[in-house]
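> Sharing a structure with you now.
A short reminder: the numbers here are calculations on the coordinates, not readings from a lab. Nothing here was measured: the structure is a model prediction, and the numbers come from that model. Here the Cβ positions follow ideal geometry from the backbone for every residue, glycine too, while neighbour counts run over all protein chains shown.
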Amino acid sequence: MLFLGNIEAKIDVKGRAFLPASFRKMLQSEGFDRLVLRMDVYKDCLTLFPEPVWCAQLASLQAKLNRWNPQHQQILRKYMEDVEIVYLDANGRLLLPKKKLEAAGISTDIKFLGMGNYIEIWKNDGETFMEDEAFREALESIMNDTKEPTP
């Protein structure tokens, strides 16, 4: 599954938005009808995961947490408290909970950003994520980063 693109949309007065057709088709072709929605951990946007992708991510997190460590349990609780299952309606719309929209600073204009195996939902305010020159420099630095071989 590969979600790609930056697609603008609008939210209606009931909090619904049409999921971009290319994303909808991908979900339908895989037979996924349950999606997991949560606030992003780092940025003011919403993240939307097909349920199997979410389950794999959750399993990865839980594998790193010790069930008997109270701090680890608090981290898991915090991570899970913000999760909601959402479905596409017959017209291909998602109902985005008002509480989540407010938390992400989203009103009516949004953009869906395909992030590979999940989708981000951002307010569409014309801001860029990173200036072009800073992006080029950071990408070059990452791609040129060579790790010393271990003996």
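> So how much slack lies between SER29 and ALA90, counting 0.36 nm per residue of separation and subtracting their Cα-Cα distance, in nm? Please list the in-between numbers first.
Values: separation 61, 0.36 × 61 = 21.96 nm, distance 1.56 nm.
Net length gain for the segment: 20.4 nm.
> Would you please report the Å³ per residue occupied by the convex hull of the alpha carbon atoms in the range 9-69? Could the numbers behind the result be given before it?
Values: hull volume 8.2 nm³, N = 61.
Given the Cα convex hull of the range 9-69, per-residue volume reads 134 Å³.
> log₁₀ I(q)/I(0) of the chain at q = 0.08 Å⁻¹, via Debye over equal Cα point scatterers, no solvent, to two decimals?
Calculated log10 I(q)/I(0) at the listed q: -0.29.
> Using the basic label-point model (7 angstrom from Cα toward the beta carbon), what is the ASP109 to HIS72 distance in nanometres?
4.6 nm
> May I pose another question? For the range 38-87, go through all pairs of different Cα atoms, get the mean of 1/r, take its inverse, and jot down that Kirkwood value in Å.
On the way: mean 1/r = 0.0843 Å⁻¹.
In the range 38-87 this quantity evaluates to 11.9 Å.
> Kindly flag which residue pairs out of LYS78/LYS98; LYS25/LYS111; LYS43/LYS78; LYS64/LYS100; LYS25/LYS64 have an alpha-carbon separation exceeding 22 Å in this structure.
Check vs 22 Å cut-off fails for LYS64/LYS100; LYS25/LYS64.
> Using 7 Å Cα-to-Cβ label points, what is the ILE142/VAL83 separation (nm, one decimal)?
About 2.6 nm separates the two model spin labels.
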